[in-house]
Amino acid sequence: MIHPTAQIDASAKLGAHVAVGAYSVIGADVVVGEHTQIASHVVVQGPTRIGCNNRIASFAAIGGDPQDKKYRGERSELVIGNDNLIREFVTINRGTGDGGGSTRIGDGNWIMAYVHIAHDCIVGNHTVFSNNATLAGHVEVGDYAILSGFAGVHQFCRIGAHAFVGMNCMINGDVLPFVMMAADYGRPRGINAEGLKRRGFSPERIAAIKRAYRALYVAKSPLEDARATLLTAAEAEPDVRTMLEFIERGTRPLAR
């Protein structure tokens, strides 16, 4: 399962049935879970923890030093969960001491070619990153979010669960759960209704999310008035409560 030209550091730990292709390099302090497949010409630097059943395509660079001028060589890590697909030329950097010390990727994500995930990012589960999507440092991406090709996210922004970011969209504020963003500098374009249907959301749940969206974006009310409307609806609608809690946790402006 290990190609004879692969270089595996003596301190690296590989689980059962791990495959490593030709000319790949697995560095010190790397742990790879069982049944993970690493193709040819991949570089994995540590400290990095990779879970089980992942597939990493050729020329990916995983666990490299953070691209942050404040980084001074302190110990930091990258943690990747299970069942992820990481395609060609993807780059994922470790965290920084000032940013919490780790970059984290959850389970079941599709990370397509040329994607960059910077230091201290936190990515949830079952997300899709299309080709050339890019996260700056300290970005959070919720479960089932989709970033289309060439989308870019400013540092410290958050992309909510089930959100959809369109092609070439530049995000410089927080994107609410369930919302679709489009245009060069991300503007809301309704809710991700089709995606929610595919994931089993009932018509009633989708209708409640639409009402919350209208209060925030269509009514053109001040944010405080819209929040009051959501607060009332959140008592009976858990998805609206999720949207409201997302707003309350924010440190950057909401993308409106």
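The values are calculated or read from the model by the stated rules, or taken from the named source; none is laboratory data. What you see is a predicted model; the values in this text were computed from it and never measured. Here Cβ is always computed from backbone atoms with ideal geometry, including for glycine, and neighbour counts include all displayed protein chains.
Please go through the stretch 80-105 and give me each residue that is aliphatic (A, V, I, L, M) and surrounded by 19 or more Cβ atoms within 10 Å (Cβ to Cβ), ordered by number.
Listed by number, the residues that qualify are Ile80, Ile86, Val90, Ile92, Ile105.
Does Arg189 fit the bill of being among the charged types (D, E, K, R), outside any strand (DSSP E or B) and surrounded by fewer than 23 Cβ atoms within 10 Å (Cβ to Cβ)?
No.
Do we have Ala113 as among the aliphatic types (A, V, I, L, M), in a loop (DSSP other than H, G, I, E, B) and more than 15 Å from the chain's Cα centre (by Cα) here?
No: the conditions fail for Ala113.
If I filter the stretch 139-179 down to residues being part of a loop (DSSP other than H, G, I, E, B) and under 11 Å from the mean Cα position of the chain (by Cα), which single residue comes out as surrounded by the fewest Cβ atoms within 10 Å (Cβ to Cβ)?
Asp143
Given the condition closer than 24 Å to Asp174 by Cα and either assigned by TED's automatic domain parsing to the domain that holds Gly27 or out of contact with any strand residue (DSSP E or B) (no Cβ under 9 Å at 6 or more places or on another chain) (or both), answer yes or no: does some residue in the stretch 44-63 qualify?
no
Which residues, counting only those in the stretch 106-138, are free of Cβ contacts under 8 Å to residues at least 40 places away in the same chain and crowded, with 22+ Cβ neighbours inside 10 Å?
Result: Asn109, Ile111, Val115, Ile117, Cys121, Val123, Thr127, Phe129, Ala133, Leu135, His138.
For the stretch 47-67, which positions are small (Gly, Ala, Ser) and crowded, with 20+ Cβ neighbours inside 10 Å?
Gly51, Ala57, Ala60, Gly63
Need pairs with beta-carbon distance below 8 Å; first residue in the same structural domain as Pro203 (by TED's automatic domain parsing) and within the stretch 222-242, second among the hydroxyl-bearing types (Ser, Thr, Tyr); sequence gap 6+ or separate chains.
Correct list of pairs: Thr229/Ser221.
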